[in-house]
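Nothing in this text is a laboratory measurement; each read-out follows from the coordinates by a stated rule. Quick caveat, the model's predicted, so the values are computed rather than measured. So basically every Cβ, Gly included, is an ideal-geometry build from the backbone, and we count neighbours across all protein chains shown.
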Amino acid sequence: MSVVARDLLRRTVWIGIYLLFILAPMLAMLAGTLPPSRGFWTEFSVALGYSGLAMMGLQFGLTARFRHVTDPFGEDVIYHFHRRISLIAVGLVVVHPVILFATGSDKLAMPASLTEVPLGAIAAFVSIGCLVLLVVTALWRTKLRISYELWHAGHIALALIAVGGGLMHMVGWGFYLADPWKRALWICMAIFWLCLLFYVRLFKPLFMLRRPYRIAEVRAERGDTTTVVMVPEGHAGFRFRPGQFGWLTLWGSPFKITGHPFSFSSSAEAADGWVAMSIRNLGDFTRTVQRVEVGRRIYLDGPYGAFTIGNPADMHVLIAGGIGITPMMSMIRTLADRGDKRPLVLLYGSKDWESITFREELEALESRLDLRVVHVLSQPPADWQGERGRLDASLLMRHLPPGYADHEYFICGPNPMMDAIEAALGELEVPISKYHSERYSFV
């Protein structure tokens, strides 16, 4: 079986498993002993609530970094799916009481006093409130000026309270839990969700604690970027594929709630297990990287990601914007170390000439590879003779040989740039299977 066919099969299996977990609660409602019949809209709202709760619980699994799950899709795809499906789950849970209110359900009748409010209703109110707060802080974290670390801790706490409140609401009403096996189903699902949480917050950090790294070098690069070289301490490290990334815990133990994802910029052929990450100062955590001292013990969880070279192609086209150059450097350095002679084109968008990260090294690598580097500057100097402005379809046509669908493309950079490049490749009739994108915002 080919690599493509195997990945397609694995994706299909995992999607089927995910749908099974989502649909199982609804299917269970229709089996066994059925409660007295109620109106369609009441039953429909309950089905939405059950599915939304199941989606919320599975969110712990989507962020658990199981390689068997993430490898067929890519970690960035899983995280972006996590964000999108969160909105759907919250929508289903919120629509549940809205439908009951709109249809005048007696379940929403106000009690004579607050002391008579059912526990299930209180739990539902708390759960929905946490969900709304969770969505607001996730979508507008930057505008609200919440640090990534504080947001991440609050995100986890709100998610736990929301799911716990949803379970308490369901048990409090208990309308569809008359059969013992139905109660057992939800108990097993809740235990499964807790096991996912314990795996992420306890077992994985314990494994990382036994496999630390040391900072061997901290090197300043152009473009307000710092390269951190890390060597394994007391173990052989791990092997990664060029273009992959890892989660870095620079300050504190692996039990710290927040890790930070960065692409490896070093060659995958580097000896002795050492790896490097090149991190641009973009605020919050990243501005502290340049201050880390050589010899410091740190922790690294990886490798992850499907943004890697490996499929057969007549040539590789790397399209990078800003700090999106880091996974491309890993690819270029690896191909140079392997003596790969296939044509390689790097289209590299930067602000100006002085801020081009790895500029000098790329010039040197052109002599080791069949590599052509095309710099595209948004603020070029007056005497600049090269490309300027933005990357678009016309620029691709100027610098790539015909037969665009035969090349393999890798795209990484700011979202607007990536959207434009993907649209340009569509204009050139490049099939989606021939290009790979990595969007490095995981929040």
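The table below lists the values:
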| quantity | calculated |
| --- | --- |
| Signed unit charges on C-beta, dipole axis of the chain, positive-most listed residue Val90, Ile122, Gly39 | Ile122 |
| Percent of Cα-Cα distances greater than 21 Å, calculated over the range 285-370 | 44 |
| Estimated dipole of the chain in Debye, rounded to 20 [Cβ of Lys and Arg +1, of Asp and Glu -1, Cα centre] | 1160 |
| Stokes-Einstein translational diffusion, the range 213-304 - Kirkwood Rh over all Cα pairs, 1.306 mPa s, 10 °C, in µm²/s | 120 |
| Selection from Trp353, Gly252, Leu371 lying farthest towards where the dipole of the chain points positive, charges on Cβ | Gly252 |
| Amide proton proximity set for Phe358, modelled H, under 5 Å, gap of 5+ | Arg222 |
| Cα centroid separation, the range 306-338 to the range 53-104 (Å) | 32 |
| Sparsely packed GluC sites (Glu not before Pro) within the range 140-244, loop by DSSP, other Cβ within 10 Å at most 13 | Glu233 |
| Calculated P(r) of the range 3-207 - Cα pairs past 26 Å, % | 40 |
| Rg/Rh (Cα only; Kirkwood hydrodynamic radius) as it applies to the range 316-438 | 0.94 |
| Spherically averaged projected area in nm², based on the convex hull that wraps the Cα atoms of the range 147-214 | 6.4 |
| Cleavage-rule hits (chymotrypsin sites (Phe, Trp or Tyr not before Pro)) in the range 140-210: DSSP loop, at most 11 neighbouring Cβ within 10 angstrom | Trp140 |
| Packing rank of 410-421, 383-394, where each peptide gets the mean count of other beta carbons within 10 Å, highest leading | 410-421, 383-394 |
| Helix-derived mean residue ellipticity, 222 nm - over the chain, DSSP H n ≥ 4, -39500 (n - 2.57), to 500 | -14500 deg cm²/dmol |
| Globularity ratio of the range 121-259, using Cα Rg and 2.2 N^0.38 Å | 1.45 |
| Gain upon complete extension [Arg67, Val292; 0.36 nm per residue less C-alpha separation] | 78.1 nm |
| Options Leu53, Tyr79, Ile17, ranked by Cα towards positive dipole end of the range 3-207, top entry (Cβ charges) | Tyr79 |
| Listed peptides 364-373, 272-281 by packing density, highest first (mean Cβ within 10 Å) | 272-281, 364-373 |
| Cross-link partners of Lys256 among lysines (Cα-Cα below 22 Å; sequence separation of 8 or more within a chain) | Lys204 |
| Computed Kirkwood radius, in angstrom, where 1/r is averaged over Cα pairs of the range 181-230 | 14.6 |
